[in-house]
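Take a look at the structure set out below.
The values are calculated or read from the model by the stated rules, or taken from the named source; none is laboratory data. Just so it is clear, the structure is predicted and the values come from calculations on it, not from any experiment. Please note: Cβ atoms are built from the backbone with ideal geometry, for glycine as well, and neighbour counts cover all protein chains shown.
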């Protein structure tokens with residue numbers, strides 16, 4: 001680059017933008033590191049369950065300003081855990097490399113497991129619980145109805161006894 005180009009306003013601006021990208025990548029590394037810790041926290045997972053939201057979706061919201069999702073960045077962190085990698089390489093390049101390495105590990109026979117059940121597994125489990133609770137509710141309802149009918153019959157019987165006593 002010539003001396004005129006190095007001193008040009010646009011050249012200085014690009015250099016500043018690159019430095020900001022580098023700093024941003026470092027901050028993103030910090031954020032992803034923190035969010036991975038949150039993702040492993042059982043209280044957080046219970047909180048997500050209480051909201052009927054997937055933990056990954058909640059963490060995606062925390063990264064929405066980056067135009068990235070949590071799981072791809074988590075995988076990137078697994079393959080490139082060093083902050084210097086994030087500082088010195090564009091994030092999209094790291095993500096692509098991590099994705100490729102992840103695909104290769106699947107093809108090499110290493111099983112990739114999710115930290116959490118899939119939505120289909122979660123749905124089936126919740127449906128099973130719902131169906132079981134419906135059966136339990138119906139049994140309780142039937143028992144209460146039977147108890148109500150018995151109490152009503154006893155009440156009628158007592159009413160007849162009281163009427164008989166009042167007339168005799």
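At a glance:
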read-out: Residue match in region 81-96 (condition: surrounded by 15 or more Cβ atoms within 10 Å (Cβ to Cβ) and more than 14 Å from residue 25 (Cβ to Cβ)); value: no
read-out: Close pairs from region 53-64: first free of Cβ contacts under 8 Å to residues at least 60 places away in the same chain and assigned by TED's automatic domain parsing to the domain that holds residue 30, partner loosely packed, with under 12 Cβ neighbours inside 10 Å and part of a loop (DSSP other than H, G, I, E, B), Cβ under 8 Å, at least 6 apart; value: 58/51
read-out: Scan of region 57-71 for residues that are under 14 Å from the mean Cα position of the chain (by Cα) and part of a helix (DSSP H, G or I), ordered by number; value: 57, 58, 59, 60, 61, 62, 70, 71
read-out: Criterion violated by residue 103 - all others in (1) at pLDDT 90 or above; (2) in a helix (DSSP H, G or I); (3) more than 13 Å from the chain's Cα centre (by Cα); (4) surrounded by fewer than 16 Cβ atoms within 10 Å (Cβ to Cβ) satisfied; value: (1)
read-out: Options 140, 120; residue that is out of contact with any helix residue (DSSP H, G or I) (no Cβ under 7 Å at 6 or more places or on another chain), part of a helix (DSSP H, G or I) and surrounded by 10 or more Cβ atoms within 10 Å (Cβ to Cβ); value: 140
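Rundown of residues vs (1) more than 17 Å from residue 91 (Cβ to Cβ); (2) outside any helix (DSSP H, G or I); (3) free of Cβ contacts under 8 Å to residues at least 12 places away in the same chain, yes/no style:
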residue: 14; (1), (2), (3): yes, no, yes
residue: 17; (1), (2), (3): no, no, yes
residue: 20; (1), (2), (3): no, no, yes
residue: 25; (1), (2), (3): no, no, no
residue: 28; (1), (2), (3): no, no, no
residue: 34; (1), (2), (3): no, no, yes
